[in-house]
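Below: the structure, in structure tokens.
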Amino acid sequence: MELSKRYKPAEVEAKNYRFWEEGNFFRAAVGVVDKDRFSVAIPPPNVTGRLHMGHALNNTLQDIVIRYHRMLGDETCWFPGTDHAGIATQNVVEKELATEGISRHDIGREAFVERVWEWKAKYGSEIIDQLKALGCSCDWSRLRFTLDEGLSHAVREVFVKLYDEGLIYRGAYLVNWCPRCETAISDLEVEHEEIDGALYYILYPLEDGGSVTIATTRPETMLGDTGIAVHPEDKRFAHLIGKTARLPILDRALPIIGAEQVDPEFGTGTLKVTPAHDPVDFEIGQANGLNSVNILNDDGTINENGGPFAGMDREAARKAVVDRLKADGHLEKVEPYRHAVGHCERCHTAVEPLISTQWFLKMKPLAERAIEVVRDGRVRFVPERWTKFYIDWMENIRDWCISRQLWWGHRIPVWYGPDERPFAAQSEEAAAAAAREHYGREVELRQDDDVLDTWFSSWLWPFTIMGWPEETPELETYYPTQFLVTAFDIIFFWVARMIMASLHFRNEIPFETVYITPLIVDPEGRKMSKSKGNTVDPLELMDEYGADALRFSMAHATTKGRSMRTPTTQLEDARNFLNKLWNMARFVLMQLGDERPGLPDEVTELEDRYILSRLAATVATVREHLDAYNFNLAAETLYEFTWHDVCDWYVEMAKVRLQSGSDPAAKGILHHVLKQILLLLHPFVPFVTEEIWQVLGEEPTSISLAPFPGPSDRERDAEAEAAMAALQEAVTGVRAIRADLNVPQKAEISVVLKSGSMALVEPLVRSLASLKALTGAAVWDFGSAMTEMAGTARKVLSFGELFVPLADLIDVASEIKRLGAELAEVSADLAASTAKLANDQFLSRAPADVVEKERRKRDEFAQKVERLEANLASLGA
RNA sequence: GGGCGAGUAGCUCAGCUGGGAGAGCAUCCGGCUUACAUCCGGAAGGUCACAGGUUCGAGUCCUGUCUCGCCCACCA
């Protein structure tokens with residue numbers, strides 16, 4: 001089969017993915033006991049999702065680990081699925097409706113939800129196709145959706161259980177309200193953004209004369225003020241406690257109280273208390289029995305409690321309130337003020353805190369054990385620093401608001417009786433039965449209108465994808481999972497909650513290792529976001545460079561830092577690298593023809609011994625790095641070995657033997673080394689490696705099922721590596737002379753190599769043909785004393801010296817300059833080394849091997865200096 | 001107000017438990033050497049942010065400072 005001169009991903013990728021799917025290579029068995037098991041639950045992408053760089057990174061890393069373990073021989077399963085993504089999906093469909101000029105309220109709940117399912121049927125698989133394009137080797141037969149019947153059942157089960165345990169409660173508390181989405185959102189869904197606002201100083205008259213001035217950033221909330229607070233120990237205001245002020249405009253009586261929460265340093269040191277619209281005020285209100293006056297409608301407009309401002313949008317109301325205060329002489333001053341304002345993560349509308357009746361989950365009882373398993377290392381974060389991040393948050397965890405005023409999601413499994421008594425149950429029938437029992441008769445039940453936070457299904461993901469609450473063979477075989485990959489911003493949303501859920505419902509951890517990826521940032525180092533317009537589309541990158549190139553560059557760029565830049569030049573590097581690999585394969589195929597010789601029995605040639613030694617080292621290093629999740633180092637090691645050790649040196653040396661007729665050993669080694677490289681690279685770049693594997697016609701059918709290289713009987717060969725290093729030094733020396741002195745490529749030269757080390761020279765003599773081919777020097781003379789010759793270029797090596805007679809090409813003066821510069825450098829090294837060895841402290845405290853190494857270095861420098869000096873002398877310097 | 005990460009060659013970044021500063025790109029010089037010009041050979045380029053400290057020895061460990069990025073927090 002003929003390979004094209006360049007690697008063309010488009011011709012290879014889709015074809016090979018189809019091959020994998022048709023072969024069911026990623027289908028995992030259940031119930032296997034005689035193998036290690038390895039499983040991963042995918043972080044389910046939103047059904048509305050389009051592959052972004054975060055997904056690309058995340059799933060590339062998961063796939064590398066999954067493929068690695070599959071090749072290690074583990075029974076390996078990657079469980080895939082998608083998330084129904086409550087608000088996000090509802091927003092998408094609402095937007096679609098808006099283009100038709102209608103809102104969800106126009107068509108009603110049932111029809112709307114139907115519409116979303118239609119949308120899902122149409123577009124929900126796009127993200128799956130994109131993951132396949134990336135090469136992800138999930139077991140697609142196990143694809144799940146967080147809103148499918150099985151998971152919905154699990155969600156109801158969990159809700160009822162937690163309700164019965166008293167961990168879920170309903171009540172009116174201060175929540176974050178998004179007026180655009182018209183729903184409560186959890187603390188985690190609020191993003192704080194610094195904005196330029198203003199501090200308004202409002203004058204509150206006191207009932208018995210005088211006034212008090214209070215600073216606020218949200219003047220319109222004064223409509224909901226029900227008190228005023230000062231710090232109890234603030235002497236300036238002590239006399240005010242117990243008195244009453246009057247609210248401007250609405251003329252409400254405001255008791256003045258003392259509260260610890262007040263910061264005497266801020267503003268005027270007094271606080272207007274608006275329990276319905278501020279978390280601190282809510283606390284103070286509760287503690288002091290103040291009323292709560294909610295002034296907002298669900299859409300963010302002012303309600304009837306806002307008096308003359310009722311019906312106005314909150315923005316307009318702010319302005320109107322300020323104008324009115326000013327007109328009445330109640331506005332003392334306005335100062336510019338920069339502060340953080342909460343925004344809805346999904347739609348970026350400013351969030352309003354308000355009192356609302358919602359469902360909550362108590363977190364502290366769940367958090368305790370979840371902290372424990374991380375602390376004792378049963379669940380491990382990589383990089384390790386995230387452990388502290390996790391524990392800090394868990395220790396200060398607050399209750400989770402789990403209800404959402406949406407239509408798309410798991411409807412809360414609670415039915416209310418005529419007296420509003422709630423019945424939590426798996427089904428309406430079960431609730432009816434419970435109600436019948438309670439009331440002693442048949443009653444009309446009404447289901448709660450709200451749905452659950454999307455994360456209320458995701459936090460059950462690792463075991464619900466395996467069929468929980470049934471005790472399935474999947475659970476038995478693959479739970480707990482071994483590995484989870486996610487970004488740090490999901491630790492609290494998801495990772496922490498999964499740990500809590502798994503411990504609570506299954507009494508075991510959900511996964512052993514949590515790998516936290518760096519955050520991908522733009523070229524300026526800023527977070528990528530659609531609103532900033534600095535996103536990069538991985539699908540476009542895949543089109544341009546190929547999925548493998550994207551994967552390799554991702555792996556290569558993944559460090560244990562907190563962020564990484566979008567790979568740009570690295571993408572080109574990766575593409576070039578894969579092309580290099582492709583061409584190496586072409587070369588090997590050209591040499592092999594129909595033969596598939598494999599590793600020869602006897603290996604004697606220097607370069608053969610060398611490359612096998614390097615291969616053994618590479619296998620060991622790559623496995624080490626993969627086991628430690630050092631993706632960049634593993635990729636780097638393979639790049640280096642393939643390109644430099646194999647292509648630059650081994651192939652070039654083997655050519656000599658291959659061109660001068662058949663050489664079974666060289667062919668066998670080429671074949672073997674190529675195969676090993678393919679296997680080592682396969683987890684990183686599955687498409688190109690599979691393609692070459694197929695062309696070679698290797699067994700097994702798919703490289704994805706082949707065993708990953710392990711330690712072999714051929715291990716490191718220090719002697720060959722040392723001899724090869726000498727050869728490389730000599731070759732590079734001659735090439736440098738050629739380049740420095742502008743000796744034309746075609747010009748015939750001869751080389752004299754002088755060395756006292758027969759151990760090193762002897763293999764070079766045997767590799768004479770390689771030396772000639774690699775340097776273009778036709779005549780090599782070893783070991784003989786150099787007779788003084790005019791016009792000789794010189795190079796001092798670590799183990800000897802090179803002489804290249806070039807007659808009139810040599811300019812003695814510049815030759816002296818060249819050698820002089822090197823002498824200066826080496827002399828400095830020698831001086832440093834000598835000084836070190838003269839230091840008694842060093843000799844007595846440094847480990848013996850370090851001292852020994854230093855001695856060898858010193859001797860080497862000394863010899864080099866000696867040779868350089870001799871050469872300079874012979875040039876008459 | 002706390003916390004985290006980064007600061008190494010012109011650019012993007014490696015550098016594991018402390019023992020002679022690395023890669024790729026860009027630059028310069030030379031090459032169509034029949035696997036690859038997405039290539040090959042060579043060269044130049046760095047007070048490892050700054051200041052102290054620990055150590056025989058610090059890019060690597062400790063303390064402090066500066067710059068950038070990010071996270072968390074009830075200063076309205």
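Restricting the range A:467-483 to residues that are part of a helix (DSSP H, G or I) and open to solvent by 30 Å² or more (accessible area, probe 1.4 Å) leaves a set whose member that is nearest to RNA strand B (Cβ to nearest atom) is A:474.
In the set (1) over 15 Å from the mean Cα position of the chain (by Cα); (2) among the aromatic types (Phe, Trp, Tyr); (3) closer than 21 Å to residue A:38 by Cα, the condition left unmet by residue A:492 is number (3). The set of residues in the range A:1-60 being crowded, with 19+ Cβ neighbours inside 10 Å, under 30 Å from residue A:584 (Cα atoms) and within 16 Å of RNA strand B (Cβ to nearest atom) consists of A:7, A:9, A:12, A:13, A:57. Against the definition (over 36 Å from the mean Cα position of the chain (by Cα), part of a helix (DSSP H, G or I), within 12 Å of RNA strand B (Cβ to nearest atom) and of a type outside the set (A, V, I, L, M)), how does residue A:655 come out, yes or no? For residue A:655, the condition - over 36 Å from the mean Cα position of the chain (by Cα), part of a helix (DSSP H, G or I), within 12 Å of RNA strand B (Cβ to nearest atom) and of a type outside the set (A, V, I, L, M) - is met. Looking across the range A:506-526, not a single residue is of a type in the set (D, E, K, R), more than 10 Å from RNA strand B (Cβ to nearest atom) and exposed (fewer than 12 other Cβ atoms within 10 Å of the Cβ). Could you say which residue among A:392, A:419 is at negative phi, within 16 Å of RNA strand B (Cβ to nearest atom), of a type in the set (D, E, K, R) and surrounded by fewer than 23 Cβ atoms within 10 Å (Cβ to Cβ)? Answer to the check: A:392.
Here is a yes/no grid of residues against (1) over 28 Å from residue A:2 (Cα atoms); (2) basic (Lys, Arg); (3) within 13 Å of RNA strand B (Cβ to nearest atom):
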{"position": "A:669", "(1), (2), (3)": "no, no, no"}
{"position": "A:694", "(1), (2), (3)": "no, no, no"}
{"position": "A:704", "(1), (2), (3)": "no, no, no"}
{"position": "A:710", "(1), (2), (3)": "yes, no, no"}
{"position": "A:714", "(1), (2), (3)": "yes, yes, no"}
{"position": "A:748", "(1), (2), (3)": "yes, no, no"}
{"position": "A:758", "(1), (2), (3)": "yes, no, no"}
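State whether the residues of the range A:484-497 include one that is open to solvent by 30 Å² or more (accessible area, probe 1.4 Å), at negative phi and among the β-branched types (Val, Ile, Thr). For the range A:484-497, residues open to solvent by 30 Å² or more (accessible area, probe 1.4 Å), at negative phi and among the β-branched types (Val, Ile, Thr): present. Only one entry of A:813, A:821 meets the criterion of being more than 9 Å from RNA strand B (Cβ to nearest atom), part of a helix (DSSP H, G or I) and among the hydrophobic types (A, V, I, L, M, F, W, C), and that entry is A:813.
Note on the range A:565-580: among residues that are within 6 Å of RNA strand B (Cβ to nearest atom) and within 20 Å of residue A:527 (Cα to Cα), the one that is least open to solvent (accessible area, probe 1.4 Å) is A:569.
Selection within the range A:220-248: residues that are over 54 Å from the mean Cα position of the chain (by Cα) and open to solvent by less than 50 Å² (accessible area, probe 1.4 Å). The member of this set that is farthest from residue A:330 (Cα to Cα) is A:240. Just one residue in the set A:720, A:725, A:730, A:654 is open to solvent by 40 Å² or more (accessible area, probe 1.4 Å) and over 30 Å from residue A:56 (Cα atoms); that residue is A:725.
Any residue at all in the range A:151-167 that is under 30 Å from residue A:20 (Cβ atoms) and not small (Gly, Ala, Ser)? Yes, there is a match, as at least one residue in the range A:151-167 is under 30 Å from residue A:20 (Cβ atoms) and not small (Gly, Ala, Ser).
Within the range A:385-441, being assigned to a strand (DSSP E or B), farther than 30 Å from residue A:88 by Cβ and among the hydroxyl-bearing types (Ser, Thr, Tyr) holds for no residue. Taking into account only those residues within the range A:374-389 that are of a type in the set (A, V, I, L, M) and within 16 Å of residue A:503 (Cβ to Cβ), which is surrounded by the most Cβ atoms within 10 Å (Cβ to Cβ)? This residue is A:379.
The values are calculated or read from the model by the stated rules, or taken from the named source; none is laboratory data. Not measured: the values here are computed from a predicted model. Because the Cβ atoms are built from the backbone with ideal geometry, glycine has one as well, and the counts that use them run over all protein chains shown. What goes into the accessible areas is simple: the full protein's heavy atoms, side chains included, and nothing from ligands, DNA or RNA. Shrake-Rupley method; radii C 1.70, N 1.55, O 1.52, S 1.80 Å.
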